[in-house]
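Every number in this text was worked out from the coordinates using simple rules, so none of it is lab data. Only a predicted model underlies this, so the values are computations on that prediction, with no experimental measurement involved. Using ideal geometry, Cβ is built from the backbone for each residue, glycine included, and neighbour counts are taken over all protein chains shown.
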Amino acid sequence: MKIRATTILGMIHNGTAALGGDGQVTLDTTIVKHHSSKVRKLYNDTVLSGFAGAAADAFALLERFENNLEKFKGDLLRGAVELAQDWRTDRYLRRLDALLTVMNKEHILVLSGQGDIIEPDDSVIAIGSGAGYALAAARAFRIANPKMKTPEIVKRSLEIASAICVYTNENITVLEL
């Protein structure tokens, strides 16, 4: 799956969780919107989520994930496993073209339609077209300045990605737990 048109970066660092995304929306190779928000807080502001891919597909998945969070009383891991199982086995959901990042202060995950639930070893994850750039920048900032605040690392890393990736812009939203 080749997801373009955004960059989402999440990180848990020094007891703080932050998730950010750029604001650009593209249709094929045309920029159609500059100020979109692809990150949000869920379940009484205890979970952060972000998406890359088709917005309508992502919203359908986020709605299911939110229902799972309610069903499992905010248990991020159970909600993610349930969504991944549904996404992989349901004929309708299987066709959806998106990636989700969900996180709380303890866990950060990427969920895909192939049934993947990926939790990185170093609590930094990125999805979308500028993911590699943002991920590398976040890891470098964390090493170079371990006392740097998590939201600042996320914002600055996304700014670096926006300077390199044509599907990522500098209109960045960062949420923090």
Principal axis lengths of the chain from Cα atoms, whole Å, largest first?
42, 39, 25
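Under 8 Å for C-alpha pairs, at least 6 residues apart: give me the relative contact order for segment 1-75, rounded to a whole percent.
Details: 97 pairs, mean separation 18.4, N = 75.
So the answer I get is 25 percent.
Using mean Cβ contacts within 10 Å as the protection proxy, how do 105-112, 30-37 order, highest first? Present the calculation step by step, with values, prior to reporting the outcome.
Details: 105-112: 19.1, 30-37: 11.9.
Taking the mean over residues of other Cβ atoms within 10 Å, the ranking is 105-112, 30-37.
May I ask you to derive the relative contact order of the chain, considering only C-alpha pairs under 8 Å and at least 6 residues apart, and to give it as an integer percent?
Working: 423 pairs, mean separation 59.0, N = 177.
About 33 percent, as a whole number.
Placing unit charges on C-beta atoms (Lys and Arg positive, Asp and Glu negative, everything else neutral), compute the dipole magnitude of the chain about its Cα centre in debye, rounded to 20. Can you show the working numbers first?
On the way: 21 positive and 21 negative charges, 29 e Å.
Dipole about the Cα centre, nearest 20: 140 debye.
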Using a Gaussian network model on the chain with a 10 Å cutoff between Cα atoms, which of Gly132, Gly74, Gly15 fluctuates the most?
Gly15
Dipole of segment 50-141, Cα-centred, from +1 at each Lys and Arg C-beta and -1 at each Asp and Glu C-beta, to the nearest 20 debye?
120
For segment 7-167, the count of lysine pairs 8 or more apart or interchain whose alpha-carbon atoms are under 24 Å apart comes to 18
Using a Gaussian network model of the chain with C-alpha springs under 10 Å, which one of Asn68, Asn44, Asn104 is most mobile by mean-square fluctuation?
Asn44
